[in-house]
């Protein structure tokens, strides 16, 4: 059983506070996520039942470029990542951050030289990055997306599309009172069922539970790299979609008739650059606006229309599309193939866009462990 509950390493005991140090609400917290494509960091302070972003950093580093082909992090990617991490190190010192969690994900997990790279990061920047497991990525995604839950819905699929992997978590809230469902997701401490435990929905769970969880070793970068030799845009898109679907055939909801027929009571919450880009283009935004995108509801038909537009634009047209941008133009079709595959299998009128992810999940966990939130709620966390 894999546990998506609170990581004991996040709990700071009273004995760790020197000279009666107080847990000041002015204390700053930081969360850094070094992924396959980007290096991102948030610095925040707790403010009542939410947190406020003090500083944000995001840089495309393409650490996992050619990882699918070579099995290693490239020297160019390492150089770009180190440059970004030097900036993060300076920010942490400048803001005098007292509590932080700095994590690395799929590119470092999969690469032959990942641990060697993390050792170099520690020597060169002073930052000790934690190589987290896929299940921890999934746990943090659930925490960050929980405030976007529609309490009337009992079945929730959390989708976190990364650069090197995609995490799917199916949660059953059918036996939890509607007014407690968001809190239940934020405080999720249940284990995952083994693949042999095909728990039937005929037996109602007594409390919130994770029906199944999977980490698919395909993200926007790795999926694109796998089919980079296919010149035809539409053919490449179709191949990427088929490949991804084959990788989720062992995911319990994929072959459970009870779960396959839950679309009227299913909400999908998607978090990733792909999902927010789909939302921004759907809204016709020429400049990205987080306040308009985060929490946006999209149906399968809305997403299909945007993806059709992407295909009609072609590779060069996508680069010129304001809602996509040149940095994401190459990756948007692989992410769209993943998203369309999921919505083909589980059609829903309630796919919610989440402009939040690992970093927000980390911040909530750190602050909650320090008892800053009497009632867990990061619904109104906002960026300056």
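Readers should treat all values here as calculations from the given coordinates under stated rules, not as data from a laboratory. Worth saying up front: this structure is predicted, and the values here are computed from it rather than measured. Glycine also receives a Cβ, built like all others from the backbone with ideal geometry; neighbour counts cover every protein chain displayed.
Details
- Protection proxy ranking, peptides 346-355, 140-149, 158-167, 37-46, average beta carbon neighbours within 10 Å, highest first: 158-167, 140-149, 37-46, 346-355
- Least to most buried among 307, 338, 268 (fewest other Cβ within 10 Å first): 307, 268, 338
- With both labels modelled 7 Å from their Cα along Cα-to-Cβ, the residue 178 to residue 115 distance reads 5.1 nm.
- Mean projection of the Cα convex hull over all viewing directions, computed for the stretch 66-153: 7.8 nm².
- Listed from fewest to most Cβ neighbours within 10 Å, the set 86, 372, 282 follows the order 86, 282, 372.
- Residues 242, 108, 88, ranked from the fewest to the most other C-beta atoms within 10 Å, line up as 242, 88, 108.
- Start at zero, step by 10 Å, and the Cα-Cα distances of the stretch 276-378 spread as 14, 39, 28, 14, 4, 0 percent across the bins.
- Centroid-to-centroid separation of the stretch 351-371 and the stretch 126-183 [C-alpha atoms, Å]: 10
- Pair residue 187, residue 327: separation of 7 Å Cα→Cβ label points (nm): 3.8
- Label sites at residue 234 and residue 257, each approximated as a point 7 angstrom past Cα along Cα to Cβ, lie 3.6 nm apart.
- Relative contact order computed over the stretch 136-358 (Cα-Cα under 8 Å; 6+ residues apart), in percent: 27
- Computed over the alpha-carbon atoms, the stretch 244-317 gives an Rg to Rh ratio of 1.04, Rh here being the Kirkwood radius from the mean inverse distance.
- Gyration tensor (Cα) of the stretch 136-358, equivalent ellipsoid semi-axes in angstrom: 30, 19, 14
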